[in-house]
Amino acid sequence: MNKWLKTILFLVGSALLTRFIPFSSLFRNLDTMIHEFGHALVTLLLSGKVLRIELYADHSGVTYSSMLTPGRSILVSLAGYVTASLFAWLLFYLYRKGRHMWGLGIMTGVALVSLLFYVRGEFGMLWLTGFSALNVVIMIFGAKITKFYYLLLAFLTLEESVVSAMYVGLMSWTQPSRAGDAANLAQQTFLPALFWGTLFALFALWCAKWALTLFFRKESSARTSKSRGLRGRNV
């Protein structure tokens, strides 16, 4: 089967199945947190100022920042979807290397930094507090469910990174002025929102393809090792 088609079918199936997991909707805000943190991080790297970040219950968010050099705001607008897609890939890379505890630590660190310095608003602060506390509890006491919990977060983040990018890509075709970061980039460059929205969608799918490749390789290696172990005991 074509790898791109396999990626899309797996994402659709995963998105449908995870809807049946209790409270999974709350964890979908993780992608929003990473998206907005990406905007904030690039703002700081370019010597700008992050005013505040807002996270909302409908999985949307916004970062308010100021830049002394207008041209640098292009990179800030690019950072959200790019960071979210790369972060989803990173979670599967760490899983492939058997370092999912590192992934949980990174997620918790980003949540705490966001909570302490940037996020304002009741829902965002409450969500970050609960998410950070749950991660710490899982890392300390939940050894038996750590892998399942990590994979749940990884797949939800992957799904949301693709869905949100595909959505802004669709909006850039149908309602360009409402296409979020793509619309912002269209205002700052000579390229239309259609170009930026399509770019975000394709980049998200590309990262998802490689993330799932890492996942399948990990599972294939695990099955092979288990099979060898069983044959060894039967000798």
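The values are calculated or read from the model by the stated rules, or taken from the named source; none is laboratory data. Since this is a predicted model, take the numbers as computed values, not measurements. Every residue, glycine as well, gets a Cβ built from its backbone with ideal geometry; the counts of neighbours run over all protein chains shown. Accessible surface is based on the protein model in full, side chains and every heavy atom, while ligands, DNA and RNA are left aside. Shrake-Rupley method; radii C 1.70, N 1.55, O 1.52, S 1.80 Å.
Among the numbered conditions (1) at positive phi; (2) of a type in the set (Gly, Ala, Ser); (3) open to solvent by less than 30 Å² (accessible area, probe 1.4 Å), the only one that residue 165 does not meet is (1). Taking the criterion of being closer than 21 Å to residue 29 by Cβ and either among the aliphatic types (A, V, I, L, M) or surrounded by fewer than 20 Cβ atoms within 10 Å (Cβ to Cβ) (or both), the residues of the stretch 81-99 that qualify are 82, 84, 86, 88, 90, 91, 94. Inside the stretch 116-130, residues that are touching a helix residue (DSSP H, G or I) at 6+ places or on another chain (Cβ under 8 Å), open to solvent by 30 Å² or more (accessible area, probe 1.4 Å) and within 20 Å of residue 42 (Cβ to Cβ) make up a count of 1. The number of residues in the stretch 16-34 that are open to solvent by less than 20 Å² (accessible area, probe 1.4 Å), of a type outside the set (Ser, Thr, Tyr) and in a helix (DSSP H, G or I) comes to 5.
Each residue in the stretch 35-72 was checked for being buried (at least 22 other Cβ atoms within 10 Å of the Cβ) and either over 26 Å from residue 153 (Cβ atoms) or within 12 Å of the chain's Cα centre (by Cα) (or both), and 4 pass.
Yes/no matrix, rows are residues, columns are (1) touching a His at 6+ places or on another chain (Cβ under 6 Å); (2) free of Cβ contacts under 8 Å to residues at least 40 places away in the same chain; (3) farther than 19 Å from residue 24 by Cα:
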position: 109; (1), (2), (3): no, yes, yes
position: 114; (1), (2), (3): no, no, yes
position: 121; (1), (2), (3): no, no, yes
position: 126; (1), (2), (3): no, yes, no
position: 132; (1), (2), (3): no, yes, no
position: 146; (1), (2), (3): no, no, no
